[in-house]
Structures are given as C-alpha cells and as structure tokens.
1. Helix 67-92 versus the longest principal axis of the chain: what angle, 0 to 90°, nearest 10, using Cα atoms?
2. What do you reckon, how do L57, L50 stack up by accessible area (1.4 Å probe), largest on top?
3. Pop a pseudo-label 7 angstrom from the Cα along the beta-carbon direction at both R46 and H2 and give the gap in nm to one decimal.
4. FRET efficiency for E78 and N34, Cβ-Cβ distance as r, R0 = 25 Å, nearest 0.05?
5. For the chain, what % of the accessible area comes from carbon and sulfur atoms, probe 1.4 Å?
6. Hand me the GluC sites (Glu not before Pro) from the range 2-93 located in a DSSP loop with no more than 12 other Cβ atoms within 10 Å, in residue order please.
7. Where is the GNM fluctuation largest for the chain (alpha-carbon springs, 10 angstrom cutoff): V64, V52, V35?
8. If I fit a long axis through the Cα atoms of helix 35-45 and take the longest principal axis of the Cα atoms of the chain, what angle between them do I get, 0 to 90°, rounded to 10?
Amino acid sequence: SHPLVGDVRGVGLIAGIELMRDAERRISFDRAINVGGRVDNAAKRRGLILRVVGDRLVFAPPLVVEPLQIELIGERLEQALDDVAIELKNESS
C-alpha cells in the first residue's frame, strides 16, 4: 500500500511490483521519468539490490533466506519508495 505501487503479484518467494503514477486508474509513469531506475538507485543507497525491468521490480531471493532478511528487504524497499515519492513530489511542485 504505497503511492508508487500499482500492483503486486507473486508466487512463493518470487514477486513482482509494478510502479504506477495512479494505481486506481492504472496510469503508468512517463518512461522519461525513469521511476524504476530511480527506485533502483535509492534502494542501492540503502543497501538493497533490485532487479528492475522498466517500472517493474522483480524479487527472487534464495530459498535459504531467513524471515528477518525478508523483513529487512521490505523495510529498505519501503524507504527507497518513500525517497523516490518525495523526489517526484518536489519535482512537481
């Protein structure tokens, strides 16, 4: 439930997150804004490596991942999404 997240799909530990400007109306971000790349950079600054395909984030952690590691991934991802949301808000002001 993040303003940048339009859709989350997954099976087991494999998950995909689609970033959207307006999830309710299914409106994507303009490609020129490079939201996926921005989230990737913000995540790296927070010590999280993502697989990014356009405005989609793909997760496939190893099967030996521990529950606390999954929680840490979620926290760092949320922080990265927040960073980019603030960045986008400041640009539109």
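The values are calculated or read from the model by the stated rules, or taken from the named source; none is laboratory data. Given the structure is predicted, the values throughout are model-derived calculations rather than measurements. Ideal geometry is used to build each Cβ from the backbone, glycine not excepted, and the neighbour counts take in all protein chains shown. Heavy atoms of the whole protein, side chains included, go into the accessibility calculation; ligands, DNA and RNA do not. Shrake-Rupley method; radii C 1.70, N 1.55, O 1.52, S 1.80 Å.
1. Its long axis makes an angle of about 10 degrees.
2. Details: L57 0, L50 25 Å².
The ordering from most to least exposed comes out as L50, L57.
3. 0.6 nm
4. On the way: r = 20 Å, r/R0 = 0.80.
That gives a FRET efficiency of 0.80.
5. Carbon plus sulfur share of accessible area: 53 percent.
6. On the way: sites: E18, E24, E71, E75, E78, E87, E91; in loops: E24.
Taking the range 2-93 and a limit of 12 other Cβ atoms within 10 Å, the loop GluC sites (Glu not before Pro) found are E24.
7. V64
8. The answer is roughly 50 degrees.
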